[in-house]
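So the structure is just underneath, and the comments pick up after that.
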Amino acid sequence: MKLLIESIVTPLVDHPEDIVVEKREEAKKIVYHLTVNDEDVGKVIGKNGRIAKAIRTIVYSSKPETNKRVYLDIM
């Protein structure tokens with residue numbers, strides 16, 4: 001899942017070396033925290049959050065390795 005998020009976000013940003021995806025696993029959910037360079041935040045979120053919604057849709061629809069729900073936080 002981490003590689004999926006990185007492969008989606010990398011072409012969108014100007015500073016791909018600053019992409020950090022951290023995974024936090026809880027009892028019933030898995031949360032991925034995506035951090036990018038401050039200059040690239042707008043590019044990842046997009047106008048009215050459209051790009052962020054599209055990224056989340058892809059991540060949520062992919063089959064997780066367990067039955068836990070998957071969440072993506074963009075920071």
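Only the coordinates and a few stated rules stand behind these numbers; no lab work does. In this text, all values refer to a predicted model and were calculated from it rather than measured experimentally. Here Cβ is always computed from backbone atoms with ideal geometry, including for glycine, and neighbour counts include all displayed protein chains.
So between K47 and K29, what do we pick up on full extension, going 0.36 nm a residue minus the alpha carbon distance?
3.7 nm
Enumerate the amide H contacts of I74 below 5 Å, restricted to partners 5 or more residues apart or on another chain; note that Pro and chain-start residues carry no placed amide H.
Correct list: L34.
Tell me the mean residue ellipticity at 222 nm calculated for the chain from its helices only (DSSP H runs of n ≥ 4, each -39500 (n - 2.57), averaged over every residue, nearest 500).
-9000 deg cm²/dmol
Taking 25 Å as R0, compute the FRET efficiency from the Cβ-Cβ separation of N67 and E17 and round it to 0.05.
It comes out at approximately 0.15.
Taking the Cβ of M1 as the center, what net charge do the other residues with Cβ under 9 Å away carry, scoring Lys and Arg +1 and Asp and Glu -1?
Once all neighbours under 9 Å are counted, the net charge is +1.
Using the Cα centre of the chain as the reference point, and only Cβ charges (+1 on K/R, -1 on D/E), how large is the resulting charge dipole? Debye, rounded to the nearest 20.
660 debye
For every other residue with a beta carbon closer than 13 angstrom to the beta carbon of E25, add +1 if it is Lys or Arg and -1 if Asp or Glu, then tell me the sum.
Value of the local net charge: +4.
For K43, go through the lysines and keep the ones whose alpha-carbon is under 16 Å away, minus same-chain ones fewer than eight residues off.
Once the sequence-local lysines are set aside, what remains near K43 is K53.
Grab the other residues whose beta carbon is less than 15 angstrom from that of L12, score K and R as +1, D and E as -1, and report the net.
Result for the local shell: -2.
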